[in-house]
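Visitor: The structure under discussion is supplied below as structure tokens; questions concerning it will follow.
Just so it is clear, none of the values below were taken in a lab; they were calculated from the coordinates. Remember, it's a predicted structure, so these values are computed and weren't measured experimentally. Cβ sites come from the backbone with ideal geometry, for glycine too, and all protein chains shown count toward neighbours.
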Amino acid sequence: MNNPVELRHYLQFKDFTPEEYEYLFARTRWIKDKFKRYEPYQPLVDRTLAMVFEKHSTRTRVSFEAGMNQLGGSVITLMTRDTQMGRGEPIEDVARVISRMVDIIMIRTFEQEIIERFAQHSRVPVINGLTNEHHPCQILGDIYTYMEHRGSIRGKTVAWIGDSNNMCNTWLQAASIFDFKLHVSTPPGYEMKTERHTAEDRAHFEAFADPLAAARGADLVTTDVWTSMGWEAENAERQHDFEDWQVDAEMMARANSSALFMHCLPAHRGEEVAAEVIDGPQSVVWDEAENRLHVQKALIEYLLIGRTIV
Ligand code: CP
Ligand code: NVA
């Protein structure tokens, strides 16, 4: 289909500039406020979003589907196992075909290289709904949520406790874009592979062997599951290796008294986070989940229509 704006993909957080994020967040606020006033905003009538899931999802699926419907468009959801992808159709061919029929595509898959190949063969914008290496839509929602509660994140300190996974990689890209510091504490053997990152990213990064030391003075403490999708075979080993990397009240007490707690969800209470923290007063996890809806509506609008008046 014809697309009136320049073809752009959103495959990792660094695909957008700080100035574009400033625009997207202003636009998110406008879209969210309008939605909360029950005022319809439907610029995408007759537009279609296709979603391709090679892994499980609750939030990503619901937020993209609800968001596209609220914008006036429609959604097609494909699960690998039900489609010809599950029988080995090359990803390049799938991208060529789907992108002739819909206006925008979100894909959740395994290696980042898969989404990159998909995007290279797509005629329409492709959004990363999570890969092994990145989860940009989640951090888009997280930064917006931080700003809603505390204002600018520039100059702040974010403590990442746990696995150096897709979320952690994306936080580091965000740290250099928004100029905040990322403290990372992982168990031995699970350290971040910073060589994958730019020198600019590394300048915003500090590794800590002790998770309590990483949390000291933080403005935001965040974590994620010990075993991400795709690593299930290592689960028993990880349960043992990560047992001292739980965000609990003692750890939150090392952070600033105004610190927030975030988790992209789904969470495992009693593993990476104590119930007293995720269900406690510093936790903003439900706002974080809700904001996926609003930021992604701004993202879809930006990729399909370009800039509009805020
Ligand atoms: N946080 C997140 O992406 O959740 P889902 O896996 O449920 O989509
Ligand atoms: N790191 C997790 C995030 C889930 C939203 C995973 O990749 O499974």
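Visitor: Pick out the one residue from Met79, Met68, Met101, Met147 that is more than 15 Å from ligand 2 (Cβ to nearest atom) and under 18 Å from Met229 (Cβ atoms).
Guide: Working: Met68 fails: under 18 Å from Met229 (Cβ atoms); Met101 fails: under 18 Å from Met229 (Cβ atoms); Met147 fails: under 18 Å from Met229 (Cβ atoms).
When all the criteria are applied, what remains is Met79.
The rows are residues; the columns are (1) of a type outside the set (Val, Ile, Thr); (2) out of contact with any Phe, Trp or Tyr (no Cβ under 9 Å at 6 or more places or on another chain).
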site: Gln173; (1), (2): yes, no
site: Phe178; (1), (2): yes, no
site: Tyr190; (1), (2): yes, no
site: Glu200; (1), (2): yes, yes
site: Leu212; (1), (2): yes, yes
site: Val221; (1), (2): no, no
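Visitor: Now, a different point. Among what's in segment 110-145 and is within 16 Å of ligand 1 (Cβ to nearest atom) and of a type in the set (Ser, Thr, Tyr), pick the residue that is nearest to the chain's Cα centre (by Cα).
Guide: Checking each candidate, the answer is Thr131.
Visitor: Within segment 132-222, which strands (runs of 3 or more DSSP E) (wholly inside it) include 2 or more residues that are in contact with a Pro (Cβ under 6 Å, 6 or more places away or on another chain)?
Guide: Details: elements: 157-161, 181-185, 205-207.
Of the strands (runs of 3 or more DSSP E) lying wholly inside segment 132-222, none has at least 2 residues that are in contact with a Pro (Cβ under 6 Å, 6 or more places away or on another chain).
Visitor: Okay, next question. Somewhere in segment 52-60, is a residue over 20 Å from His135 (Cβ atoms), touching a residue at least 12 places away in the same chain (Cβ under 8 Å) and in contact with a strand residue (DSSP E or B) (Cβ under 7 Å, 6 or more places away or on another chain)?
Guide: Taking every residue of segment 52-60 in turn, none turns out to be over 20 Å from His135 (Cβ atoms), touching a residue at least 12 places away in the same chain (Cβ under 8 Å) and in contact with a strand residue (DSSP E or B) (Cβ under 7 Å, 6 or more places away or on another chain).
Visitor: Looking only at segment 146-182, filter to residues that are hydroxyl-bearing (Ser, Thr, Tyr) and more than 21 Å from Arg216 (Cβ to Cβ); which one of those is nearest to ligand 1 (Cβ to nearest atom)? Please lay out each step first, then the result.
Guide: We begin by selecting, within segment 146-182, every residue hydroxyl-bearing (Ser, Thr, Tyr); these are 146, 152, 157, 164, 170, 176.
This time we only want the ones that are more than 21 Å from Arg216 (Cβ to Cβ), so: 152, 170, 176.
Details: Ser152: 24, Thr170: 11, Ser176: 22 Å.
The qualifying residue nearest to ligand 1 (Cβ to nearest atom) is Thr170.
Visitor: Right, something else. Would you be able to tell me the number of residues in segment 259-299 that are surrounded by 15 or more Cβ atoms within 10 Å (Cβ to Cβ), within 16 Å of ligand 1 (Cβ to nearest atom) and of a type in the set (A, V, I, L, M, F, W, C)?
Guide: Here the count works out to 13.
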